[in-house]
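The values are calculated or read from the model by the stated rules, or taken from the named source; none is laboratory data. As the structure is a prediction and not an experimental result, all values here were calculated from the model. Please note: Cβ atoms are built from the backbone with ideal geometry, for glycine as well, and neighbour counts cover all protein chains shown.
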Amino acid sequence: MKTQIGIFAALGLAMAPIAAQAGQATVVLDVHHAGCVLCGPIVKSTLAHVKGVTAVSVSQADGNADVTATVTYDNALTSPAAMIKATTGQGYPAEVTKPTKS
């Protein structure tokens with residue numbers, strides 16, 4: 001009996017990292033009207049405060065009024081729609097980046 005409990009406990013501990021990563025996803029958002037110096041940090045902070053977001057990177061490639069936000073999140077806790085709602089609520093409408101054709 002003790003051996004079986006030990007085996008199940010070991011198996012559970014071994015599988016925990018796999019289960020924790022099962023919900024990880026990444027999305028790239030085009031965030032509009034974010035051309036000022038303070039806009040990028042505001043967008044980053046807004047996205048970081050969405051429950052389930054684990055990492056945010058914001059870049060402004062060419063100085064236009066749009067920024068690109070790469071967001072890693074737990075898809076069991078949030079979704080791209082929730083992130084878009086958060087940025088839009090701060091005055092920065094966003095959309096999921098459309099894949100470019102090569």
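If you check residue 46 against the conditions, is it of a type in the set (Ser, Thr, Tyr), modelled with pLDDT of 95 or more and in a helix (DSSP H, G or I)? In short, yes.
β-branched (Val, Ile, Thr) and touching a helix residue (DSSP H, G or I) at 6+ places or on another chain (Cβ under 6 Å), is that true of residue 37? Answer is no for this residue.
Do we find that residue 59 is over 18 Å from residue 97 (Cβ atoms) and within 15 Å of the chain's Cα centre (by Cα) in this structure? Judged against the criteria, residue 59 is not a match.
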